[in-house]
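As structure tokens, the structure follows; a few thoughts come after it.
The values are calculated or read from the model by the stated rules, or taken from the named source; none is laboratory data. On a predicted model such as this, the values are computed, not experimentally measured, just so you know. Cβ placement follows ideal geometry from the backbone for every residue including glycine, while neighbour counts extend to all protein chains displayed.
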């Protein structure tokens, strides 16, 4: 039974208007959804069977997740098949999947216009996984210049647009619009990386700007059903990424001097996330609580992540707890770290 209600601030949950209440069986889901969910189950089951439940991550799967279920981070359980103690988990459909599914049920015409499916023929998933199918679409373009790729699939795209390279990647996948249904459901984040001729990324990888007032209320170890919000940066890094790589040949000023190299799916390793990334995040929270913008973790202090401005300009500010205003900030992944990720794939 699927029940969805519309939240209204200041109103008791029992009085929130119900938008949908409908029985929905697994067999009624689209075939491509069922096959992706079945593959997700196999991935989760495989890790548990191998005694690697401690390595489970939301980024392992597309639609079906293994969310943490514990009162606090210290709660663990012994694995039946050996391995180190692991956090309790439960199967859950990802928020992105439920959001798109509900929109498709409530407003099918609007949803059809908003989301474009990359998998037009679900029968391809009988022989390949979703990720294998997506990556196979990039293969014919490997080594081709941006100019040639635009001639083949980029008709109508503006090379001066900020998201030009992301749009070109979608065209290589056979998608015309901005929202890929399967990516929205799986909460997959696509990131384009441009390499210099020497193989070093041109810049660090940015994430959405955070609000200081919200950051200090977050809990790194929050479980899915905790009242306290979890770390938004951790949630971003637990998701699956599609990394699309382009490389410059020389000055990089012309599409003829830049080529598509490869695309791959990637998830932040759990040991890095729970180690260095968590340390940087806690350092940022500590600095914000003290209203000391000068102590936010700098690029020189970590080989993985740091914090620096992400406002449109100097006037795009946010307020620290003491009331002082500084330019908005966001977390960044260091380009040397990104280079290692690219090189390992």
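Worth pointing out:
- Of all the listed residues (217, 228, 191), the sole one being over 22 Å from residue 286 (Cβ atoms) and either at pLDDT below 95 or assigned by TED's automatic domain parsing to the domain that holds residue 329 (or both) is 191.
- Answer residue from the stretch 47-63, given it is within 30 Å of residue 181 (Cβ to Cβ) and either in a helix (DSSP H, G or I) or in the same structural domain as residue 239 (by TED's automatic domain parsing) (or both) and is modelled with the lowest pLDDT among those: 55
- Taken over the stretch 166-179, the criterion of being buried (at least 17 other Cβ atoms within 10 Å of the Cβ) and either modelled with pLDDT under 95 or part of a loop (DSSP other than H, G, I, E, B) (or both) is satisfied by 173, 175.
- Of all residues making up the stretch 112-133, the number that are in a helix (DSSP H, G or I) and within 13 Å of residue 181 (Cα to Cα): 4
- Qualifying residue in the stretch 139-146 (condition: under 21 Å from residue 241 (Cα atoms), in contact (Cβ under 8 Å) with a residue 12 or more places away in the chain, in a helix (DSSP H, G or I) and not assigned by TED's automatic domain parsing to the domain that holds residue 37): yes
- Residue in the stretch 255-273 that is loosely packed, with under 15 Cβ neighbours inside 10 Å and either touching a helix residue (DSSP H, G or I) at 6+ places or on another chain (Cβ under 7 Å) or over 19 Å from residue 58 (Cα atoms) (or both) present: yes
Per-residue answers, yes or no, for (1) crowded, with 18+ Cβ neighbours inside 10 Å; (2) outside any helix (DSSP H, G or I):
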site	(1), (2)
10	no, yes
19	no, yes
35	yes, no
42	no, no
45	no, no
65	yes, yes
81	no, yes
110	no, no
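- The residues of the stretch 302-316 that are in contact with a helix residue (DSSP H, G or I) (Cβ under 9 Å, 6 or more places away or on another chain) and surrounded by 14 or more Cβ atoms within 10 Å (Cβ to Cβ), listed by number, are 302, 304, 305, 306, 307, 308.
- Residue list for the stretch 147-165, restricted to those being without any contact (Cβ under 8 Å) to a residue 24 or more places away in the chain, surrounded by 12 or more Cβ atoms within 10 Å (Cβ to Cβ) and within 27 Å of the chain's Cα centre (by Cα): 153, 154, 157, 163, 164
- Under the condition of being assigned to a loop (DSSP other than H, G, I, E, B) and touching a helix residue (DSSP H, G or I) at 6+ places or on another chain (Cβ under 8 Å), the residues counted in the stretch 147-165 number 5.
- Tally of residues being without any contact (Cβ under 8 Å) to a residue 24 or more places away in the chain, within 22 Å of residue 23 (Cα to Cα) and touching a helix residue (DSSP H, G or I) at 6+ places or on another chain (Cβ under 7 Å) across the stretch 45-104: 2
- Checked against (1) surrounded by 19 or more Cβ atoms within 10 Å (Cβ to Cβ); (2) in a loop (DSSP other than H, G, I, E, B), residue 182 passes all but a single condition, namely (2).
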